[in-house]
Amino acid sequence: MIMNKFIGVGTLPRSGTLNGNEKKVLRFTLATKNGHGGKDKKPHKAFVPCVVFRPSEPAISLLTGDPKGVLIGLEGRVNTSKFETKDGQTKYSTEVIVDERSLEVLELQGIVEASGDENGSEW
């Protein structure tokens, strides 16, 4: 059996971008811990490009607002696509296609206190 499943937990380093009218596409980046490096033992991060097709209004609001520092968990599948640039070069793109039903806010740094919602799961 072959499986293509991505499960990630990380922070949102910047606002996502929303494209399209009828068929909306929301792109954002998930910053995840990726081990420690070298002599200084500083943590490394991986920046995972993610996409949600036909996102709900709450997802759009969360991911395109000011999400910096928000900790989320998500599931999806890894997708690699091939395209050609205007100058004829072949390029590849890899991203996680997110199952929006799995998108879960785990921690809202500074936002939870302001809203009075200590649960953090309603977004």
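Restricting Val70, Val25, Val52, Val48 to those that are in contact with a strand residue (DSSP E or B) (Cβ under 9 Å, 6 or more places away or on another chain) and without any contact (Cβ under 8 Å) to a residue 40 or more places away in the chain reduces the list to Val25. Mind counting the residues in segment 1-17 that are under 20 Å from Gly69 (Cβ atoms) and either charged (D, E, K, R) or in contact with a Lys or Arg (Cβ under 7 Å, 6 or more places away or on another chain) (or both)? Total satisfying the criteria: 5.
In this structure, Pro49 qualifies as within 12 Å of Gly16 (Cβ to Cβ), at pLDDT 90 or above and under 19 Å from the mean Cα position of the chain (by Cα). Checking the stated criteria, Ser56 turns out to be over 19 Å from Met3 (Cα atoms), modelled with pLDDT of 90 or more and not acidic (Asp, Glu). Count, please, the residues in segment 74-93 that happen to be in contact (Cβ under 8 Å) with a residue 60 or more places away in the chain and more than 12 Å from Leu12 (Cβ to Cβ). Qualifying residue count, segment 74-93: 4.
Which of the residues that make up segment 77-95 are touching an Asp or Glu at 6+ places or on another chain (Cβ under 9 Å) and not hydroxyl-bearing (Ser, Thr, Tyr)?
Arg77, Val78, Asn79, Lys91 - these are the residues of segment 77-95 that are touching an Asp or Glu at 6+ places or on another chain (Cβ under 9 Å) and not hydroxyl-bearing (Ser, Thr, Tyr).
Restricting attention to segment 97-110, and to residues there that are in a strand (DSSP E or B) and among the acidic types (Asp, Glu), which single residue is modelled with the lowest pLDDT?
Result: Glu107.
Test of understanding: among Gly20, Gly8, which residue is under 12 Å from the mean Cα position of the chain (by Cα) and not aliphatic (A, V, I, L, M)? Lay out the reasoning, then the answer.
Values: Gly20 fails: under 12 Å from the mean Cα position of the chain (by Cα).
Answer to the selection: Gly8.
Listed conditions (1) touching a residue at least 60 places away in the same chain (Cβ under 8 Å); (2) of a type outside the set (Lys, Arg); (3) over 13 Å from Gly16 (Cα atoms) are all met by Leu62, apart from (3).
The values are calculated or read from the model by the stated rules, or taken from the named source; none is laboratory data. Keep in mind it's a predicted model, so treat the numbers as computed, not measured. Cβ coordinates were reconstructed from backbone atoms using ideal geometry, including for glycine residues, and neighbour counts include every protein chain displayed.
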